[in-house]
Amino acid sequence: MEIPSKVSVFNRTLEIKGKPGTLISINEEGFYEIVLEVQQRNHTVLFPIAETVVIFNEALVATGGDIEVER
């Protein structure tokens, strides 16, 4: 995953359901630092990791080919 990255944010406390934002960092104190548009202006918001779901908008690239297992 690359940072900064476009994400969708879900947080029950703030009643945010899939709001688009930009993940700036994940800090050592246990917060996501995300830039969100609020009332037509960009604001940096700290979301507690334990209470927030972040979905990256860019899907992971699927690895090609079958996996072979030696027996």
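May I ask you to say which residue of 50, 59 is loosely packed, with under 12 Cβ neighbours inside 10 Å and at pLDDT below 90? The conditions single out 59. When the stretch 1-24 is filtered for residues that are among the hydroxyl-bearing types (Ser, Thr, Tyr) and surrounded by 13 or more Cβ atoms within 10 Å (Cβ to Cβ), the ones remaining, listed by number, are 5, 8, 22. If the condition is being part of a strand (DSSP E or B) and either loosely packed, with under 13 Cβ neighbours inside 10 Å or charged (D, E, K, R) (or both), then the stretch 31-45 contributes 33, 37, 38, 41, 42, 43, 44.
The values are calculated or read from the model by the stated rules, or taken from the named source; none is laboratory data. Predicted, not measured: the structure shown is a model, and the values here were computed from it. Please note: Cβ atoms are built from the backbone with ideal geometry, for glycine as well, and neighbour counts cover all protein chains shown.
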